[in-house]
Amino acid sequence: MKYYLTTPIYYVNAAPHIGHAYTTIAADTIKRWKRMQGFDVILATGTDEHGQKIERAAAAADKTPQQFTDIISGEFGEQWRVLGLDIDRFQRTTAENHVAQVQDLFRRCLANGFIYKGSYSGQYCVFDELYVNDAKPGDPCPECGRTTETVSEENFYFKLSAFQQKLLDLYEKQPDFILPETRRNEVLAFVKKGLSDLSISRTTIKWGVPVPNEEKHVFYVWFDALTTYMSAVAGEKLWPADLHLIGKEIVRFHAIYWPAFLMAAGLPLPKRIFAHGWLLFENDKMSKSRGNIVRATPIHKVLGTDALRYFLLREVVFGQDGSFSYDALVGRYNSDLANGLGNLASRTLAMINQYRGGVVPASDGNQQIAQNALECTAVAIEAYDRFEFSKALEAIWSMIAAVDKYIVDQAPWKLAKGGDTEAKRLDEVLYTAAEALRIITALLGPVLPESAAKIWMQLGCPVPLDHIKTAALHWGHLKGGQILGPVSGVFPRADAKASIEQMMELEKLEVARQLELLGKKPQPAAAAATVAGTPPITIDDFVKVDLRVGIVKDAAVVKGSDKLLHLHVDIGETQPRSIVAGIALAYKPEALVGRRVVIVANLAPRKLRGIESQGMIVAASRDGDVPVLASFLEDVPIGARLK
Ligand code: MSP
């Protein structure tokens, strides 16, 4: 039976980091797990290469869009190869087969009466590729807070409004269409409010898939991007996908637009969408502008890819946000992999070598440990099936702890010195440890493919690990007489300080390499003194802007928006100001409380998503980056004016 799963296709405006690796590693783990269950699994990923954001990133790097996308797309492909991820299809949106697929989807929707020509005149957010219907020139995007641009264009509209009930029926009939539950509820609430028709073409952009017979138009990036899931397996009878694995910020596109496009085209729908949480770096969302991006290659070089895989899947509850830090990574590596699994493997194999000449003795094994293995295996299988990786790993580690304790209690080193009765008991201990290790290793194959395969070979198992199915997980599958392979340590202990320094050093080299790849050099400070295209202003102009220091009293996510936060900021007035800011991608609300910020205090109040915003928070960002709040190194009183 086939199982077709996908990752999002990644934007090529930035090189891959561990946020992207997180999704792709999770997808690779699911692939390996499904394969163990007997499915023929196909994993597709790729790169999202069209749109204005990419066009501008290419121009900033002095490259044509094609040159630029070739380089970054290549980086993604190379990243997955280096990390040993088992990718079957790598689909680029600039590939010819994809262009044909997008045009075919359009023709089908058009033929079925779900597309019409219209026009739009108003504000547009380049970053979100989004029309901002009620905005005025100069207004910020309600999603990300970046200044919108004025556009006027003719476009094709998709009748999304016709799909409200059909989508609600779909979510009802297939309650597991969107997982986890929290995401499903968000989508339900959004769709229930009603859906507006969606513009699916642009005439202001050139870098895109052309609309058939309409020279001026290219497709809106999401109409183009989502179709990749079909073009990646065109002509292979693999559609519909069994699973789209995505990050939580793109649920709406996958759970609303995508099924609506497919329904309109009369095509089968994907079976499930699972949205995981964000990977934060020391509690902040990773971003290029914050300079807190972590790349996977340095970790791969110092601790190995399995250390990263284990950390991401054990430390972060899949579906929720979680933090990455080098300290926590090395901590987990040493405690769980070097001391836990590595130690159990090396002591078990060393004892079989020492006491039984490298041959696993015949025995039924200890019944309590057998029972424990049965229970832990059941928990791990169920958890893997629900993509609850941390729970599966917890169960496997509880089995490691039980076997460790059993070995210590039995003291095989003492039994080895006894007579026949002790020899029989020693056989039982060695068999028990080896059989438990075999089951543990097999269960860990999806998460730790490289190291589990090594332990598997050291155990002398005849069938390669990636051919093993869940049926082989039962106690007693290991036969006495199995001869161990050559034994060597799998997880050498890491010196925390030295390995962190090494990873950080390699990170710098990796950044420099990526810059060089795009022909960029770090900008000299002087370059910031003049900004091309900005007209000069007088001091009188500047003093018109009342910039004040304030302190954030409280902060909360604005309902229905991924990017907006609602804050109350005290600037020394009788009441704190209510401010809506497009910074949710960069900051968690709780991290802002008590923080000093700069606000524009004399900006005319306006409503964003129905909430009055009495000012604007000052933040910096480059095109395509998330905002970084202006702040001070020294103490500064509340209400102080910036001048
Ligand atoms: N191109 C769109 C997706 C189109 S799919 C038809 C896009 N690309 S992206 O490059 O921004 O990648 C988004 C995905 O990368 C997220 O949905 C998530 O899977 C992964 N992640 C990127 N940064 C991440 C974190 N910091 N944490 C977790 N996942 C992250 O959106």
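The values are calculated or read from the model by the stated rules, or taken from the named source; none is laboratory data. Fair warning: this is a prediction, and the values are worked out from it, not measured in the lab. Note: ideal-geometry Cβ built from the backbone for every residue, glycine included; neighbour counts use all protein chains shown. Surface accessibility is based on the protein's heavy atoms, side chains included, excluding ligands, DNA and RNA. Shrake-Rupley method; radii C 1.70, N 1.55, O 1.52, S 1.80 Å.
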**Request:** Please work out if residue 338 is of a type outside the set (S, T, N, Q) and within 26 Å of residue 403 (Cβ to Cβ).
**Result:** yes
**Item:** Residue list for region 538-579, filter: in contact with a helix residue (DSSP H, G or I) (Cβ under 7 Å, 6 or more places away or on another chain) and open to solvent by 20 Å² or more (accessible area, probe 1.4 Å)
**Value:** 555, 556, 557, 560, 562
**Message:** Quick check on region 281-288. Is at least one of its residues touching a residue at least 24 places away in the same chain (Cβ under 8 Å), touching a strand residue (DSSP E or B) at 6+ places or on another chain (Cβ under 7 Å) and within 11 Å of the ligand (Cβ to nearest atom)?
**Reply:** yes
**Prompt:** Residue check: is residue 272 open to solvent by 10 Å² or more (accessible area, probe 1.4 Å) and touching a helix residue (DSSP H, G or I) at 6+ places or on another chain (Cβ under 7 Å)?
**Reply:** no
**Item:** Residue under evaluation residue 53, criteria (1) open to solvent by 10 Å² or more (accessible area, probe 1.4 Å); (2) within 9 Å of the ligand (Cβ to nearest atom), criterion not met
**Value:** (2)
**Request:** Go through (1) open to solvent by 20 Å² or more (accessible area, probe 1.4 Å); (2) assigned to a helix (DSSP H, G or I); (3) over 28 Å from residue 498 (Cα atoms) one by one and return the number of the condition residue 347 breaks.
**Result:** (3)
**Prompt:** So residue 164 clears everything in (1) among the polar types (S, T, N, Q); (2) surrounded by fewer than 17 Cβ atoms within 10 Å (Cβ to Cβ); (3) assigned to a strand (DSSP E or B) except one condition, right? Which one?
**Reply:** (3)
**Prompt:** Could you count how many residues in region 489-512 are farther than 21 Å from residue 345 by Cα and open to solvent by less than 30 Å² (accessible area, probe 1.4 Å)?
**Reply:** 5
**Message:** Looking only at residues that are modelled with pLDDT of 95 or more and buried (at least 17 other Cβ atoms within 10 Å of the Cβ) in region 110-128, which one is farthest from residue 159 (Cα to Cα)?
**Reply:** 110
**Request:** Might you check whether a residue that is out of contact with any strand residue (DSSP E or B) (no Cβ under 6 Å at 6 or more places or on another chain) and closer than 28 Å to residue 409 by Cα occurs anywhere in region 461-470?
**Result:** yes
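Among the residues of region 495-538, write down those that are in a helix (DSSP H, G or I) and at pLDDT below 60.
525, 526, 527, 528, 529
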**Request:** Please identify the pairs in which a residue from region 232-258 that is under 20 Å from residue 195 (Cβ atoms) has its Cβ atom under 6 Å from the Cβ atom of a residue that is in a helix (DSSP H, G or I) and more than 11 Å from the ligand (Cβ to nearest atom), counting only partners at least 6 apart or on another chain.
**Result:** 251/183; 255/187
**Request:** Give me a count of the residues in region 95-109 that are open to solvent by 40 Å² or more (accessible area, probe 1.4 Å) and in contact with a helix residue (DSSP H, G or I) (Cβ under 9 Å, 6 or more places away or on another chain).
**Result:** 5
**Prompt:** Taking the condition surrounded by fewer than 22 Cβ atoms within 10 Å (Cβ to Cβ), at negative phi and either within 13 Å of the ligand (Cβ to nearest atom) or not small (Gly, Ala, Ser) (or both), does residue 48 pass?
**Reply:** no
**Message:** Looking for something buried (at least 21 other Cβ atoms within 10 Å of the Cβ) and assigned to a strand (DSSP E or B) - is there at least one such residue anywhere in region 305-321?
**Reply:** no
**Message:** Looking at 208, 247, 194, can you tell me which residue is of a type in the set (Gly, Ala, Ser), within 14 Å of the ligand (Cβ to nearest atom) and surrounded by fewer than 21 Cβ atoms within 10 Å (Cβ to Cβ)?
**Reply:** 247
**Asked** Going through region 146-161 one residue at a time, which ones are assigned to a helix (DSSP H, G or I) and either surrounded by 17 or more Cβ atoms within 10 Å (Cβ to Cβ) or touching a Pro at 6+ places or on another chain (Cβ under 7 Å) (or both)?
**Response** 160
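Out of 61, 26, 21, 15, report the one residue that is within 14 Å of the ligand (Cβ to nearest atom) and at pLDDT below 95.
So the residue among 61, 26, 21, 15 that is within 14 Å of the ligand (Cβ to nearest atom) and at pLDDT below 95 is 15.
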